[in-house]
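Below you'll find the structure, written out as structure tokens, and then a few comments.
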Amino acid sequence: MAISIAIFEDNSRLRESLTVLLSGVEGYTVCGSYENCAHAARIIQEHLPDVVIMDIDMPGVDGIEGLRIIKEQRPETYIIMHTVLEDDERLFQCLCGGANGYILKNTSFVQLLEAIENVLHGGAPLSPVIAKKVLQFFRPVNPGRIQYHLSEREKEVLKYLVKGYSYKMIAGHCHISLDTVRGHIRNIYSKLHVNCGREAVSKALRDNIL
């Protein structure tokens with residue numbers, strides 16, 4: 001079954017280009033494209049898109065409000081923010097609001113496709129400049145010297161967790177089985193004294209582990 005994509009973008013030329021390009025990708029279908037999020041609730045209920053490509057700065061109901069509406073209506077829909085904005089406040093509003101990725105519009109179409117595939121496999125794609133902002137936000141002013149005694153393989157797995165990779169993607173990159181990844185993840189949680197992936201990523205960034 002084709003992956004359905006909805007586009008919210010006020011720039012008509014870009015909106016039309018994305019619609020044509022994504023519609024031409026095998027296995028994808030664009031179920032609708034819109035200039036703002038004024039009718040987002042109805043659109044999501046009607047089309048049940050798998051992925052939403054969302055601009056932030058739109059007239060009327062903008063992307064941040066649209067993100068909130070869509071996540072309330074259908075939490076399982078993946079939302080990739082696709083914007084020119086690098087503003088820290090809006091970035092963290094989007095990430096805290098449940099955005100699954102944050103890609104700048106100067107990203108190539110191939111990279112946008114990679115971002116879509118990434119979220120579909122459980123990842124959290126970020127443009128490099130955005131990833132740097134997130135890292136800087138969590139990095140401590142005076143990094144501590146706490147030693148968690150992670151093995152080199154566990155550090156490698158944790159590095160991919162921080163990048164937003166899914167277990168399946170980590171297994172592929174490390175050339176190990178999915179069960180082995182799960183074992184490393186359990187060991188990482190135990191050594192870092194955390195209970196989930198978000199806590200592990202937060203501690204890795206805060207304590208400058210990698």
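Calculated FRET efficiency, N11 to C174, Cβ-Cβ distance, R0 = 41 Å: about 0.55 to the nearest 0.05. Helix-only arithmetic for the chain: the sum of -39500 (n - 2.57) across DSSP H runs with n ≥ 4, divided by the residue total, places the mean residue ellipticity at 222 nm at -15500 deg cm²/dmol. Computed from Cα atoms, the angle from the helix 152-162 axis to the main principal axis of the chain rounds to 30 degrees. If R0 equals 35 Å, the separation of the Cβ atoms of L21 and N187 corresponds to a calculated FRET efficiency of about 0.25. The length gained on full extension between F92 and T107, counted as 0.36 nm times the residue separation minus their Cα-Cα distance, comes to 3.4 nm. Amide hydrogen proximity for Y28: with H placed 1.01 Å from N in the peptide plane, the residues at 5 or more positions away or on another chain lying under 5 Å are I3.
Charges were assigned to the Cβ only: +1 to each Lys and Arg, -1 to each Asp and Glu. The resulting dipole of segment 152-206 about its Cα centre is roughly 160 debye.
Given a cut-off of under 8 Å on Cα pairs at least six residues apart, what relative contact order in percent is computed for segment 89-210?
Normalised by residue count, the contact order of segment 89-210 is 26 percent.
For the residue pairs K105/K132; K132/K159; K105/K203; K132/K155, the alpha carbons lie more than 23 Å apart in K105/K203. Placing a label point 7 Å from the Cα of D57 along the Cα-to-Cβ line, the residues of segment 1-30 whose backbone N sits under 14 Å from it are 10-11.
Values in this text are rule-based calculations from the coordinates and carry no lab data. Predicted model, so just to flag it, every value in this text is computed and none were measured. Neighbour counts are summed over all protein chains in view; Cβ atoms, including those assigned to glycine, are modelled from backbone coordinates with ideal geometry.
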